[in-house]
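Trainee: Got a structure for you, written out below as structure tokens; questions coming shortly.
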Amino acid sequence: MKATKWWQSAIFYELYVDKFADNFRGLAERLDYLQTLGITAIHILPHYPSPMVDDGYDVSDYRNIRPGLGTLRDFELFIREAKQRGIHVILDLVLNHVSQEHPWFKAARDSKIGPKRDFFLWSDTGEELKNSINTFPHLKSRNWVYNPATNDYYFATFYGEEPDLNWNNPKVFSEISGIMDFWINLGVSGFRLDAAPYLIKKENAAAKGLPETHAVLKQIRAHLEKIAPHTILLAEAHDSIYEIKKYFGDGTGDECHLAYNFPLAERIFLAALKNDASLIKDIVNASENIPMNCRWAVFLRSHDQLSFGSMTETEQKEFLAYCDPERKFVFKSGENGISMRIADIFKKNPEKIKTAFDILFNLPGCQIIYYGDEIGMKNDTTIGVPRDTRRHVRGKFDWDLAEIQQKNPDSLLSFIKKRILEKKKT
């Protein structure tokens, strides 16, 4: 499919501002590195004020910058510098939940008649929605969390400190759309929709990917088409290819412009491990037939765990035996994947890192590089044993290593730079 809009052929770079460049002014100063690499879009992982229980996904203020990252003026400076280099910026938009320290929840938790009470889901017994998915069973026993102030329970799909928003309340959409408008006015070009499948909960349903959730996403897309049609939505929906395709919407694509291809990422690692590119063939074929104005976001690693969703039980055991035989970096006791950077996964055979990137850049769609993977950064093991192993893949960027590789034409960085240039020519 020929690219006619900026995002249809974008090369994204996913980063934490503090881990990559300390703050937004520092990020502005590091843009030359990204431009030289060939990056055309940056995905900023959560930068909002937050208690940081969930590394920023527990948002306490959607319209500001987290202390330490700078100010809104610093953010605007960064946006201007990025635009001068032809680099677009998209932000993480956490739609499903907020921090328990968010003013909305503070106004809701102390009284059953609080002004924001209906912004959240409440129960006197905690017995409803039993079929809903508890995404972090290793961190909390169930989704209902006790609220002593009102002697009842609020619903939380992820961390217990992250109460879910009630998207059946139209005022929630009004607030979120206003937040999107705020950042668009500051110059952003799009939003990654975190945990997109979980917005609507319904009795006797798994509360994942419900038709009512897709209706909300279509409403968000319609709002953007009206006020900023150049702005894009990237869906984070970890599921089968059949289910992920639904997040593009109907017909010509009236939902999200981009969607992560999670099953393909998983198969690429197997293909690289076994030196057998045919292992991705079925997923590639299944990924065809999406709306013409939509694209897959293809990637290797991210800030989350590498899932085993598309692997057979035998493949999972073989993969774990190869990269993490001691089970140091398993997520949810291992059944849901591992928290490892690509350089750690292939530490026994570093040449396979290039094999994996070669497969990635031969695929149609928009490529996404996770910060540090282009220089072979490894897991941060200085943090001990965190309750959430994903923190191992969220370490500080190694600028010393980057400088060394910039001077070496045979380095991984030089290889990826070359592959990006070749991709742009296709």
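Every read-out reported here was derived from the displayed coordinates using simple, explicitly stated rules and does not represent laboratory data. A quick note: this is a predicted structure, and the numbers were derived from the prediction, not measured. Note that each Cβ is placed from the backbone with ideal geometry, even for glycine, and that neighbours are counted across all protein chains shown.
Trainee: Quick check for me: using +1 on Lys/Arg Cβ and -1 on Asp/Glu Cβ, what's the dipole size of the chain about its Cα centre, in debye to the nearest 20?
Mentor: 820 debye
Trainee: Also: Averaged over every viewing direction, what's the projected area of the C-alpha convex hull for region 97-164? Give it in nm², one decimal, please.
Mentor: Mean projected area of the Cα convex hull: 4.1 nm².
Trainee: For a 23 Å ceiling on Cα separation, which of these pairs sit above it: Lys347/Lys417; Lys5/Lys425; Lys317/Lys423; Lys245/Lys354; Lys328/Lys418; Lys140/Lys246?
Mentor: In this structure, Lys317/Lys423; Lys245/Lys354; Lys328/Lys418; Lys140/Lys246 lie more than 23 Å apart at Cα.
Trainee: Using the basic label-point model (7 angstrom from Cα toward the beta carbon), what is the Lys202 to Glu76 distance in nanometres?
Mentor: In this crude spin-label approximation the distance works out to 4.4 nm.
Trainee: In region 175-194, whose amide N lies under 19 Å from the spot 7 Å out along Cα-to-Cβ of Asn64? List them in ranges.
Mentor: From region 175-194, the list is 175-176, 178-184, 186.
Trainee: Next question. Once the other residues with Cβ under 14 Å from the Cβ of Lys112 are scored (Lys, Arg +1; Asp, Glu -1), what is the net sum?
Mentor: Counting the neighbours of Lys112, the net charge comes to -1.
Trainee: Can you give the FRET efficiency to the nearest 0.05 for Asn131 and Lys407, using r as the Cβ-Cβ distance and R₀ = 51 Å?
Mentor: 0.35
Trainee: Under Stokes-Einstein, with the Kirkwood radius over Cα pairs standing in for Rh, what whole-number D in µm²/s applies to region 370-426 at 37 °C and 0.692 mPa s?
Mentor: Rounded, D is 256 µm²/s.
Trainee: In what sequence, highest mean first, do 213-220, 169-176 appear when ranked by Cβ atoms within 10 angstrom?
Mentor: By packing density, highest mean first, the sequence is 213-220, 169-176.
Trainee: Given 37 °C and 0.692 mPa s, how large is the Stokes-Einstein diffusion coefficient of the chain in µm²/s, with Rh as the Kirkwood radius over Cα pairs?
Mentor: 148 µm²/s
Trainee: Once the other residues with Cβ under 10 Å from the Cβ of Pro211 are scored (Lys, Arg +1; Asp, Glu -1), what is the net sum?
Mentor: That sum, taken over residues with Cβ under 10 Å, equals +1.
Trainee: For region 290-426, treating each Cα as an identical point scatterer without solvent, what Debye log10 I(q)/I(0) comes out at q = 0.09, 0.15 1/Å?
Mentor: For the requested q values the scattering log ratios are -0.30, -0.81.
Trainee: Could you check what % of the DSSP bridge pairs in the chain are antiparallel, to the nearest 5?
Mentor: 25 percent
Trainee: Within region 242-261, whose backbone N sits under 17 Å from a point 7 Å along Cα→Cβ of Ala222?
Mentor: Hits in region 242-261 for Ala222 at 17 Å: 248-257.
Trainee: How much length is gained if the chain between Met52 and Arg142 is pulled fully straight, taking 0.36 nm per residue apart and subtracting their Cα-Cα distance, in nm to one decimal?
Mentor: Roughly 30.3 nm would be gained on extension.
Trainee: Next question. Treating only the Cβ atoms of Lys and Arg (+1) and Asp and Glu (-1) as charged, compute the dipole magnitude of region 147-246 about its Cα centre; round to the nearest 20 debye.
Mentor: 420 debye
Trainee: How much length would be gained if the chain were fully extended between Glu212 and Ile383, taking 0.36 nm per residue of separation minus their Cα-Cα distance, in nm to one decimal?
Mentor: So the extension gain works out to 57.5 nm.
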